[in-house]
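Heads up: the structure comes next, in structure tokens.
Rule-based calculations on the coordinates, nothing more; no lab input. Note that the coordinates shown come from a computational prediction; the quantities given were computed from them, not determined experimentally.
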Amino acid sequence: MFLSTNTKTRKRNKLIIYLEKNHCKLVREGKKHSLYGNIKNNRLSTIPRHPDIKENLCRKICEDPVMNMHYYNIALESFR
């Protein structure tokens, strides 16, 4: 798989803050991932325990538990 050197990344801390503001709670900590769940719609998403996460993966994580494009667009703006 080809990885470019200019891949955009986002900070894990900002992603977690966004998820917690949108009714997601930490379900459990694993060795390599954290599992967050949305209380309102019972959806789960895993977050890698790296300090920087690629933008495409952030997009997928935000779509999993929240499932609302309005919040997703706000999230992308807050990560920049």
Original post:
Which of the lysines could be linked to Lys40 by a straight reach, that is with a Cα gap under 20 Å, when you skip same-chain ones fewer than 8 residues away?
Top reply: Lys21, Lys25, Lys60
Subject >> Using θ = phi - 60° and Karplus 6.51 cos²θ - 1.76 cosθ + 1.60, couplings along the stretch 21-35 (whole Hz; Gly, Pro as x) >> reply: 5, 10, 6, 9, 10, 5, 8, 6, 9, x, 5, 10, 9, 10, 10
Subject >> Gain in span if fully extended, Thr46 to Glu29, counting 0.36 nm per residue against the direct Cα distance >> reply: 5.2 nm
